[in-house]
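First up is the structure itself, then whatever we jot down about it.
Bear in mind that the values in this text are calculations on the coordinates, not laboratory data. Because the structure is predicted, anything quoted here is derived from the model rather than measured. Cβ placement follows ideal geometry from the backbone for every residue including glycine, while neighbour counts extend to all protein chains displayed.
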Ligand code: BGC
C-alpha cells in the first residue's frame, strides 16, 4: 500500500516539475535530485546495492528483516492486502525494501477467495495432489502445472510459493503423503525440478519443504527422527539435493522434527554444512511455521527467516482462535527483541544476522513486489482448469482391467454406487488445501460425458447425503484454522444398500461403478483401521454385493479409488473387473475421471508408491509413528535404506501393486534396449513400440542393481525414467538416458563419500519395478570414490538396522 502511495507522490512531484518547465534541462533535474538525496539513506536498487543497504540498517531493522510479520493476511482476516497469504515479511520503506508475500501450497495456491468489502473473488485452481502429479512420470506436464500455479502466484500479487513438498512416503499412513510425490527420491527430485522450473519461469519463487525427514504428522514438532547417515544421503536428502542442484529453488523450508536429536530448524550441519557447503544452495532458508524452540539457534544454524513471526506458540494460537481472542496485538512478535538482545549480549554475532539478511535480499531483488509488478488479480482460471484436468487424467493409474472392461462404450448405462460419486474429493486438507471455485463430482463428470446414470440410484444417494449433512453430527464446518485451510467435513457412513435396490439397478444398467473415497491432511497421520487404510464393512459389502449381482447378470463392475494414499486392496480386488486409481485429481475431478473411463484419455499413470498386501508388510510398520506408543518421542528408521520398493524387491515380499505399476488400454513392447558403458558414464537407449490397437503413452523405468560388497545394496534402485510421446498403434519412440558415476554410487558412511564398488552392475529396463524387459550387465573393475562430503548428521544412538 505504502509503495503505491509513494509512487503516486513521486508521479505528482514529477508532473509539478514538468509544469514548471524544470524538466526541460534533464541535467539540472538530475543534479537537483542528487543534491536533495545526498542525506538520504541508500536504497535497495539491485544486487549490487545490498551491502550498502545492510550497512545502513539499524539493529532493529535487521532483526525485523529476519522475522516474519505474523499472519496479517490469514486465519479468516479478510482485511489484509492478500487475504489468506500465510506469510508476510517486514518491509523497510526508507531503504526501498518492500514486504514479501508467501502462500501455500503443493496442489495450487492457497489464498482466501474473499476480501472484506470487495465483490471480486480470488479463487485459485486446485490441481491434482503431488502424488498424482508424480504418477504421470511426465516432466513436461508437471512443468506446465508448475507454470500455471506460478502464474496464479504472480497475478494475485504474491512472491513466493510454499511448495513443492519433497518428503518421502516412508509409511503409507503419513497424513501428508498426498502433499508429497513418492517413496522414491529420484522420482521425487525430478518431479520437484519440473515443478520448480514451471513456477519460477514466472519470476516468482518456489520453496522446497520440509527439510528434512518430516515423514509423519504424529508429534511432528518434537519427534526425534533417528536415521542413519546413509539412509539420509541415499533417500531422505536425495530429492532435495537433486532439486537444489538442478532447479535452484529460491527458498528452502526447514522441517518441524528433530533429525538425529537436533531440531531440523536448529541443525547447523543440515542447514549450513549439507545445504550450503555440500550443495552450494544459493537461496534463503525459512523455518516452518512455529518450528523449533530457539530463534537464536535457528539463526546460527542457517535459518535466515523465522516464520510466521508471532510471539505465541501454535497451541496458544489455536486456543486463541477457538476462544476468538485473537487480535492484532498477539501477533506482535518479540523474537525481534530476542534477536536484538542476543546481538547486544554477544550470543548472536551480528555478522550472522547480516549473512542471513544478505541471503534474503539476494532473493528479494528478484521478486515481483520489489519490481513493483502490477498484478492483475485475474489469472486465467479457465486455461488453468484445462491444465488441471489434463494432469488429473494423466495421473490416474489403471490397476486392473480384465477382458477390456474399460474403456466404456459411450452409450453405457451406469449404476453408480458410493457416496464419493457426489462428494468427490479434489485434494487434501490443511495447508495443502486450495480454495478452488468448485469440484466437478464423478457423477456430474460422467453425465457430462454423455453416460446415462441410473437416476433412481443417483437421487437416492443425493437425498441420503443431503439428509445426513443436515444432522448436527455431519454438518460441514470451516476448519478450526479458518476456512482458507479447508472445511471440516465429517465422514458420512457409506449409504446402506438394500438387495432390492442393487437388483433393480443391475437390471436397468449395463455396468456398475463403485466409488471409494478417502481424505487426509496436515496435523494427523492416517490409521490402519476400517474407514481409513482398511475398507469399512459397508464398503466391503457394497463391493461384494454389487459385483455379485452384476456378474450374475453377465455384467461388469469397475471400482474407482478417489484417495490420497494407499489403502488395503488385497481382500477385495479379485471381485471387480477393473480398478481405476484416480487419486485426488484436483477440481476437474469428475471430468478427468470421465476422460479416462470413456477412453478419451488412455491411462498412462504409474504408481509412485507401493500398495502393500497388508499394512504390516511395510518395513516401517513396526517403527511408525514411534515410541512410546501412547505419545511418541522418537522414531527410529530401522528399515534404513530398505524403504518402499527397495524393501519389497530385496526381501521378496509380494506387494499388492508394485512401485512403477500401471496398465494401459493398449500394450507396449520394448524391441530395442542398448546400454553402453564408458569410463565415466552409462548410456541407455530404449525403443518403445505401441503393440496394441489404441494410441497411448508408456513410461520407461531404468533401474540399477549394484553389487553387494562392503556395502549391501537394495535389489534395485530407480536411476532414470522417461515417458514416450503419444504413440499410435505400431508407432515407436526412442528414449535416451545417461547415468553418471554418482548414479552408480552408494553412500559409504565410513569414508563419508559416494562410492562405486567394483563388481557386476545390472541395468534393468522395464515398465515397473517388477516388470523388467531387459537386463544388461557391465563390470566395474575397481572401487571408485566419486564424491566426498562432510561427515555430519550422525545418529546419537545405535540403530538396529535391517540388513540383508
Ligand atoms: C506447514 C507448511 C506450511 C505452513 C504455512 C505449516 O503448518 O507444515 O507446509 O507451508 O504451515 O501454511
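Here are some notes:
- The chain, relative contact order in percent, only Cα pairs under 8 angstrom and at least six apart counted: 14
- Coarse-grained scattering of the stretch 582-646 at q = 0.15, 0.17, 0.23, 0.26 Å⁻¹, given as base-10 log I(q)/I(0) from a Debye sum over alpha-carbon atoms: -0.70, -0.76, -0.96, -1.10
- Calculated P(r) of the stretch 633-708 - Cα pairs past 21 Å, %: 53
- Inter-centroid distance (Cα atoms) of the stretch 680-747 relative to the stretch 97-117, Å: 39
- Approximate spin-label separation residue 771-residue 627, in nm, with each point projected 7 Å along Cα-to-Cβ: 4.1
- Between residue 732 and residue 787, full extension at 0.36 nm per residue minus the direct alpha carbon distance yields a gain of 16.0 nm.
- Peptides 752-764, 186-198, 644-656 ordered by packing proxy, namely the average of other Cβ atoms within 10 Å per residue, highest first: 186-198, 644-656, 752-764.
- Between 0 and 90°, nearest 10: helix 26-37 axis offset from the chain longest Cα axis: 80
- Within the stretch 92-184, the proportion of C-alpha pairs whose separation exceeds 16 Å stands at 61%.
- At 1.002 mPa s and 20 °C, Stokes diffusion of the stretch 504-574 via Kirkwood alpha-carbon radius, µm² per second: 161
- Residues of the stretch 617-640 with amide N under 19 Å of the 7 Å Cα→Cβ point at residue 573: 617-621
- Label-to-label distance, nm, for residues given as residue 758 and residue 681 (7 Å Cα→Cβ offset): 2.6
- Taking 0.890 mPa s as the viscosity and 25 °C as the temperature, the Stokes-Einstein diffusion coefficient of the stretch 580-699 based on its alpha-carbon Kirkwood radius rounds to 136 µm²/s.
- Protection-proxy order for peptides 156-163, 731-738, 125-132, each taking the mean of Cβ atoms within 10 Å per residue, highest first: 125-132, 156-163, 731-738
- Label sites at residue 552 and residue 45, each approximated as a point 7 angstrom past Cα along Cα to Cβ, lie 8.4 nm apart.
- Ranked by how many other beta carbons lie within 10 Å on average, peptides 672-683, 600-611, 703-714 from highest: 600-611, 703-714, 672-683
- Folded to 0 to 90 degrees: helix 2-19 orientation relative to the chain principal axis, Cα: 50
- Angle of helix 381-394 to the longest C-alpha principal axis of the chain, folded into 0 to 90 degrees and rounded to 10: 40°.
- Estimated from the Cβ-Cβ distance and a Förster radius of 51 angstrom, the FRET efficiency linking residue 508 and residue 691 is about 0.85.
- Estimated translational D of the stretch 389-528 in µm²/s (Stokes, Kirkwood radius over Cα pairs; 37 °C; 0.692 mPa s): 193
- Isotropic mean projected area of the C-alpha convex hull, the stretch 245-301 (nm²): 3.8
- Computed over all pairs of different Cα atoms, the Kirkwood value for the hydrodynamic radius of the stretch 446-556 is 16.3 Å.
- Amide N of the stretch 172-209 lying under 12 Å from the label point, which is placed 7 angstrom from the Cα of residue 371 along Cα→Cβ: 200-205
- For the chain, the convex hull spanned by the alpha carbon atoms encloses 182 Å³ per residue.
- Alpha-carbon spread of the stretch 99-244, three principal axes, descending order, Å: 53, 34, 28
- Efficiency of FRET between residue 351 and residue 58 - r from beta-carbon atoms, R0 25 angstrom, step 0.05: 0.95
- Scaling the Cα radius of gyration of the stretch 159-214 by the globular reference 2.2 N^0.38 Å produces a ratio of 1.13.
- Efficiency of FRET from Cβ geometry, residue 653 and residue 469, R₀ 51 Å, rounded to 0.05: 0.75
- Each helix, a run of at least 4 DSSP H residues, gives -39500 (n - 2.57); summed and divided by the residues of the chain, these come to -8000 deg cm²/dmol at 222 nm.
- Contour minus Cα-Cα distance for residue 203 and residue 709 (0.36 nm per residue): 177.5 nm
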